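Student: Got a structure for you, written out below as structure tokens; questions coming shortly.
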Amino acid sequence: MTVPFVDLHTQYLTIKENIDNAIKQVISESAFIRGRFVDVFENEFSEAMGIKHCVSCANGTDALYIVMKGLDLQSSDEVITTAHSWISTSETITQAGGRVIFCDTDPDTFTIDPLKIEEKITKKTVGIIPVHLYGQSADMDPIIAIAKKHNLWIIEDCSQAHLAEYKGKKVGTMGNAGTFSFYPGKNLGAMGDAGSIITNDNKLAEFCQLFARHGGKGNHIIEGINSRMDGLQAAILSAKLPHLKSWTLARAKHAQYYSELLSQNKNIILPKVSNWNSHVYHLFVIKAINRDNLQKYLSSVGIATIVNYPKALPFYPAYNYLNHSIDDFPNAFDNQKKILSIPMYPELTLESIEYISININKFYNC
Ligand SMILES: *Cc1c(COP(=O)(O)O)cnc(C)c1O
């Protein structure tokens, strides 16, 4: 048996007619850039999120950059973000002209540790970017309290957490803005690159819209960039959005089944979910003793796994200039040695989950 890490083609086949029709329609109207399909998706997504504005853009990385430009980031401004994420979260801080200040993570949930944020705040700090990593919300209440106290903005990086909730609130609706990626492998994925910004702030939405589209059409009010969602991606996303809830439920069911089959195995730690969170399991990440050999063994029996991510961000060469040491981020460092993402996607079969779990247990002789 072989189990891929994700299976985008199987998902396509389940809604082939909808997707094919969506693509045909865009082609028949030549609505390739902007146009009604993009407007429709923006409206549908903001409605699904229960928020006033959705501004689409080219990808989730641009979404972060555009919002930071909208929040008027100045050079030497400091932005605090998590030590454990995909590099988009931190590289865009630098791109937008700011300085990256990393903060360690909670050992169990992999999200930014609110208890360690305040010690990072200086006179230059302007904002915080929590990441709802792997599909679970960061602990937002203390983060919001710190932001209020120090007059900081919050951008929620929701690229791995479409529809995730914190105390009944959707991620992306608690900060000044939320940013999403619709990269094909994300929980809501296009068939190419796409992203969006959501916010209740009228002015911020207006700026993002202008900035992402050359500062305005016909009348360039500011200099902007070119970051547009194309019509094909928008129509594909509109075809997929109605299924997102049931896909999310399927992920949660798979997580439950993994947990049942693996709960007796003392060599691994299953994902911990804070009781106020609904986790959407973009990734199912276990912590494993002897991780590298487990990964090799699983590969030898046809099971694809990935380490998301092999290093915490401060330990990549790109951040050598910050001169950090392991002791600065002990939790993120400890996690980078143990984490392993095992297959998780809505179309994963029960047989596959059993096969994966049996093999994990077999590796440890239990
Ligand atoms: C995927 C991702 C992004 C960037 O999205 P792209 O669409 O690939 O640019 C940003 N942050 C996180 C946490 C992500 O997982």
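Student: Taking 0.36 nm per residue of separation and subtracting the Cα-Cα distance, what length does fully extending TYR364 through ASP108 add?
Tutor: Extra length available between TYR364 and ASP108 comes to 90.0 nm.
Student: Under 29 Å between alpha carbons: how many lysine pairs meet that in the range 177-278, if sequence neighbours fewer than 8 apart on the same chain are excluded?
Tutor: So the count works out to 12.
Student: Let me ask you something else. Roughly how many debye, to the nearest 20, is the charge dipole of the chain about its Cα centre, given +1 on each Lys and Arg Cβ, -1 on each Asp and Glu Cβ, and no other charges?
Tutor: Using Cβ point charges on Lys, Arg, Asp and Glu, the chain gives about 140 debye.
Student: Quick check on the range 79-165: take the gyration tensor over C-alpha atoms, sort the square-rooted eigenvalues as a ≥ b ≥ c, and tell me if it's rounded (a/c under 1.5), prolate or oblate.
Tutor: Note, shape of the range 79-165 comes out oblate.
Student: Hey, another quick one. Along the positive direction of the dipole of the chain (beta-carbon charges: Lys, Arg +1; Asp, Glu -1; about the Cα centre), which of ILE117, TYR65, SER181 reaches farthest?
Tutor: ILE117
Student: Ok, one more. Can you check how the C-alpha radius of gyration of the range 38-82 compares to 2.2 N^0.38 Å, as a plain ratio?
Tutor: 1.42
Student: In nm, to one decimal, how far is the ASN320 label point from the GLU118 one, both placed 7 Å along Cα→Cβ?
Tutor: 3.7
Student: Same structure again: Using only Cα atoms, what is the ratio of the radius of gyration of the range 47-194 to 2.2 N^0.38 Å? If you can, show how the numbers build up before the last one.
Tutor: On the way: Rg = 14.1 Å, N = 148, 2.2 N^0.38 = 14.7 Å.
Rg over 2.2 N^0.38 Å, computed on Cα atoms: 0.96.
Student: Next question. Give, to the nearest whole percent, the P(r) tail of the range 190-233 beyond 13 angstrom, counting all Cα pairs.
Tutor: Numbers: 547 of 946 pairs.
Value for the range 190-233: 58 percent of Cα pairs lie more than 13 Å apart.
Student: Give me the percent of accessible area attributable to carbon and sulfur for the chain, probe 1.4 angstrom.
Tutor: The nonpolar share, carbon plus sulfur, comes to 53 percent.
Student: What accessible area per residue comes out for the range 44-99, rounded to a whole number of Å², with a 1.4 Å probe?
Tutor: Result: 33 Å² per residue.
Student: Can you put ASP108, ASP113, ASP193 in order of accessible area, largest first, using a 1.4 Å probe?
Tutor: Values: ASP108 65, ASP113 20, ASP193 95 Å².
Correct descending sequence by accessible area is ASP193, ASP108, ASP113.
Student: Something else about it: Nearest 0.05, what FRET efficiency do HIS9 and ILE221 give at R0 = 45 Å with Cβ-Cβ as r?
Tutor: Efficiency, rounded to the nearest 0.05: 0.55.
Student: HN-Hα J couplings of the range 88-104 from phi, Karplus 6.51/-1.76/1.60, θ = phi - 60°, integer Hz, Gly and Pro as x?
Tutor: Coupling constants for the range 88-104: 3, 4, 8, 5, 6, 4, 5, 3, 7, x, x, 10, 7, 10, 7, 10, 5 Hz.
Student: Could you work out the mean projected area of the convex hull around the alpha carbons of the chain, in square nanometres to one decimal? Kindly include the intermediate steps, with their values, before the conclusion.
Tutor: On the way: hull surface 73.3 nm².
Over every viewing direction, the Cα hull of the chain projects on average to 18.3 nm².
Student: At 0.36 nm per residue, minus the direct Cα-Cα distance, what do ASP327 and MET1 gain on full extension? Give it in nm, one decimal, please.
Tutor: Values: separation 326, 0.36 × 326 = 117.36 nm, distance 4.21 nm.
Result for the pair: 113.1 nm of gain on full extension.
Student: Continuing with this model, one more query. Taking the Cα centre of the range 157-205 as origin, sum charge times position over the Cβ atoms of Lys and Arg (+1) and Asp and Glu (-1), and report the length of that vector in debye to the nearest 20.
Tutor: So the dipole magnitude of the range 157-205 works out to roughly 160 debye.
Student: Ranked by accessible surface with a 1.4 Å probe, highest first, in what order do LYS120, LYS24, LYS203, LYS337 come?
Tutor: Largest accessible area first, the residues go LYS203, LYS24, LYS337, LYS120.
Student: First obtain the Kirkwood hydrodynamic radius of the range 1-107 from its Cα pairs, then insert it into the Stokes-Einstein equation at 20 °C and 1.002 mPa s, and state the resulting D in µm² per second as a whole number.
Tutor: D = 123 µm²/s.
Student: Now a separate question. Once you have a ≥ b ≥ c as the square roots of the Cα gyration tensor eigenvalues for the range 235-366, tell me rounded if a/c is under 1.5, and otherwise prolate or oblate according to whether a/b is larger than b/c.
Tutor: Working: a/c = 1.87, a/b = 1.22, b/c = 1.54.
Oblate.
Student: Please report, in Å, the Rg and the Dmax of the range 127-200, where both are computed over Cα atoms only.
Tutor: Reported Rg and Dmax, both Å: 12.3, 42.
Student: A further question on this structure: If contacts are Cα pairs under 8 angstrom and at least 6 residues apart, what is the relative contact order of the chain in percent?
Tutor: After rounding, I find 22 percent.
Student: Right, here's the next one. Where the only charges are on Cβ atoms (+1 Lys, Arg; -1 Asp, Glu), what is the dipole of the range 217-366 about its Cα centre, to the nearest 20 debye?
Tutor: I would put it at about 140 debye.
Student: Turning to a different aspect of this structure: Hey, could you get me the Stokes-Einstein D for the range 117-160, Kirkwood radius over alpha-carbon pairs, 20 °C and 1.002 mPa s, rounded to whole µm² s⁻¹? Intermediate values should be presented prior to the final figure.
Tutor: Details: Rh = 10.9 Å.
Value of D from the Cα-based Kirkwood radius: 196 µm²/s.
Student: Residue separation times 0.36 nm, minus the C-alpha to C-alpha distance between LEU270 and GLN95: what's the value?
Tutor: Once the chain is fully extended between LEU270 and GLN95, it gains 59.4 nm.
Student: Using modelled backbone amide H atoms (1.01 Å from N, in-plane), which distant-in-sequence or interchain residues come within less than 5 Å of ILE154's amide H?
Tutor: Hits under the 5 Å cutoff: ILE128, ASN176, ALA177.
Student: Classify the range 166-253 as rounded, prolate or oblate, taking a ≥ b ≥ c as the square roots of the eigenvalues of its Cα gyration tensor: rounded when a/c is under 1.5, otherwise prolate if a/b is larger than b/c and oblate if not.
Tutor: Oblate shape, in that a/c is at least 1.5 and b/c is the bigger or equal ratio.
Student: What residues qualify as long-range amide H neighbours of ILE339, i.e. H under 5 Å apart, gap of 5 or more or another chain, H built at 1.01 Å from N?
Tutor: ALA288
Student: In terms of solvent-accessible area of protein heavy atoms at a 1.4 angstrom probe, what is the ranking of GLU47, GLU42, highest value first?
Tutor: GLU47, GLU42
The values are calculated or read from the model by the stated rules, or taken from the named source; none is laboratory data. Since this is a predicted model, take the numbers as computed values, not measurements. As a convention, Cβ positions derive from the backbone with ideal geometry for all residues, glycine included, and neighbour counts pool all protein chains shown. These area figures cover heavy atoms from the full protein model, side chains too; ligands, DNA and RNA do not enter into them. Shrake-Rupley method; radii C 1.70, N 1.55, O 1.52, S 1.80 Å.
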